[in-house]
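The values are calculated or read from the model by the stated rules, or taken from the named source; none is laboratory data. A quick note: this is a predicted structure, and the numbers were derived from the prediction, not measured. No Cβ is skipped: glycine too gets one built from the backbone with ideal geometry, and neighbour counts run over all protein chains shown. Just the protein is used for accessible areas: all its heavy atoms, side chains included, with ligands, DNA and RNA removed. Shrake-Rupley method; radii C 1.70, N 1.55, O 1.52, S 1.80 Å.
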Amino acid sequence: MSASMSRLALPTFLLSCLLAFLAGHMVNYSIIFIALEKFESHSLAGIGYGLCFGPPLILGWLAGVYCDRYSPRRVILLAQNSYFISLILIYLLLQFTAEWQPALLLLAAFFSGVAWSFVAPARFATLPFYVSPTKLAGATIALNLMVMTGFGLAPMLLKQVKVTWGWDGVLVTAVALLMLSTLLLLPLRFQFNAKAADKAFIEIKNSLAFVRDTVLVKQLLLLAAIAYLLMGPMQVLLPTIAEQNLQLDETAQGNYLSLVAFSLILGGLLAMVLKNTGKLGLQMMFTILIAAAGIVYLGMESNLYRSVAVLIISSMCGGIAISYLVAGLQHYSPDEHRGRIMSFYTIVGQVIPAASGVGAGLLAQVFDIPTALKICSGFIVLSLVCCLIFLKPIRRLETYQHG
């Protein structure tokens, strides 16, 4: 890689990540919106969302092995093809009769899940090749911001395109974003020394043992799991809240949902400012608590301005908590385990939202949206109370000391 290319490698890679995550979340939201629009089924939307993020529970471990055995950049380039398969299935769904549509929808969700299983861990594993070790923590927060930005901007872009060009326009836009992401990644080659194939599984086992024996890393991963419980209800139920409670048209619904992106980014930036103010453990717990209280309120509020204010505050708190958690995992992970631990983090960040999305969809189908949100939020609050009582090391965590 030339000197000029080396200087541009990180921003180019981050742009490639943003485009890929934006396209991937457009696929996810397409599955949710189609389930709600064509079948009026929150349970189908929840199951579809679960399939989008459920496969990493099994395939995420395999992704970690492949990122040791092969260049993680190559893993990305191959895995993104699964998004194309998902988009083709969505296109076929829109052409077929109603009896085939649910099966095609769930199959498309599964292939999206296969892509997420490999693309997200591989992008975190690729990052160290484009940045010096001293800047890795900051670069990881930047990459996590790309994840959050893609998650938040996807519904706005999807709704804007759908209103103008319909579902065909949405699919073409997602394909274009994926192709551009791939083209940006192609010249960013680096020297990669593959590890022995029989050693990868041993390294995963060793990293699991390290997590088990390292109190703060283990507790940070547990707290991340609780924080990501918020994501499922937000993605599965917020579209209906925007439509039914707030009476927004399609464009306004997309703009409303995109506030999540703005707020998550703002929360991430705020975390960088507040990270040295002390009481980090309590800050993480209470910001998750505020976000959980906010999603309950959203299910009962019909005033647009109050709903927007609560959505922004809740999402900001989520952004602060997730940014602290990522920075903490980077700080407490030694070099020999960092890649695997970040892989564990991405598995948590995909599987937990999938499970909570399925649960929220089923609860909304059985009861109603406000009740579903109360149950989800109540579980998160109860989990946080247990953390406050039992997780003394992280509760007493003041700051991430460097030096």
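Tabulated values for the structure
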quantity: All helices (runs of 4 or more DSSP H) inside the stretch 1-112 with 3 or more residues being out of contact with any Ser or Thr (no Cβ under 6 Å at 6 or more places or on another chain), open to solvent by 60 Å² or more (accessible area, probe 1.4 Å) and closer than 29 Å to V260 by Cα; calculated: 3-38, 81-95
quantity: Selection status of A209, in a helix (DSSP H, G or I), modelled with pLDDT of 85 or more and either in contact with a helix residue (DSSP H, G or I) (Cβ under 9 Å, 6 or more places away or on another chain) or not polar (S, T, N, Q) (or both); calculated: no
quantity: Residue among Y305, Y345 that is under 21 Å from A261 (Cα atoms) and either free of Cβ contacts under 8 Å to residues at least 24 places away in the same chain or open to solvent by 10 Å² or more (accessible area, probe 1.4 Å) (or both); calculated: Y305
quantity: Candidate set from the stretch 278-294 (those that are more than 12 Å from S307 (Cβ to Cβ) and free of Cβ contacts under 8 Å to residues at least 40 places away in the same chain); member that is least open to solvent (accessible area, probe 1.4 Å); calculated: T287
quantity: Verdict on V326 being under 30 Å from I204 (Cβ atoms), at pLDDT below 85 and touching a Ser or Thr at 6+ places or on another chain (Cβ under 7 Å); calculated: yes
quantity: Any pair with Cβ under 6 angstrom, 6 or more apart, that starts in the stretch 385-398 at a residue that is in a helix (DSSP H, G or I) and ends at one that is buried (at least 20 other Cβ atoms within 10 Å of the Cβ) and modelled with pLDDT under 85; calculated: I394/G281; R395/G281
quantity: Cβ pairs under 8 Å, 6+ apart, first in the stretch 179-190 and more than 15 Å from V119 (Cα to Cα), second in a loop (DSSP other than H, G, I, E, B) and open to solvent by 70 Å² or more (accessible area, probe 1.4 Å); calculated: L188/M1; R189/M1; F190/M1
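Table: residues versus (1) of a type in the set (D, E); (2) modelled with pLDDT under 90.
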{"position": "Q80", "(1), (2)": "no, no"}
{"position": "I90", "(1), (2)": "no, no"}
{"position": "L94", "(1), (2)": "no, yes"}
{"position": "E99", "(1), (2)": "yes, yes"}
{"position": "L107", "(1), (2)": "no, no"}
{"position": "F118", "(1), (2)": "no, yes"}
{"position": "P128", "(1), (2)": "no, yes"}
{"position": "S132", "(1), (2)": "no, yes"}
